[in-house]
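Worksheet for the structure shown next.
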Amino acid sequence: MFSEMVLQGGCACRKVRYTVDGERPPSHFCHCRMCQLATGSPVAAFFTVPQTQVRFEGKLGVYQSSEKAMRKFCTECGTPLVYELQADYDGKRMLTQEVTCLLACSSSRGGMPTMVLV
């Protein structure tokens, strides 16, 4: 069972911020060609959460990267922030966040130290 978490992140210029509330999300890597092109690296790290658990502040640009997915980014600095499949999982719209833009996380149960990744 995952513990309750608050995750915070955003872009390099700090004009876009997000907060994720709820259970600790699963994370994964992708090395498909589209993720390589979108991130400029051989592999992309993500975590996936229901759209209803994410709150954004700031302006996001949208790029339709394929028929099934779109990517969202900061319109000022270009930081990639979200990969969104245009499909529902178990009746929920899911967003996949870039782990590299995660700034901090903390547990509502205490016990877990704050993590700073950027």
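Using a simple spin-label model with pseudo-atoms 7 Å out from Cα toward Cβ, Ser41 and Glu57 lie 2.5 nm apart. The modelled label-to-label distance for the pair Ser65/Glu23, using points 7 Å beyond Cα in the direction of Cβ, is 2.5 nm.
Computed from the coordinates by the stated procedures, all read-outs in this text should not be read as laboratory data. Everything numeric here is computed off the predicted structure, so don't read it as measured data. Note that each Cβ is placed from the backbone with ideal geometry, even for glycine, and that neighbours are counted across all protein chains shown.
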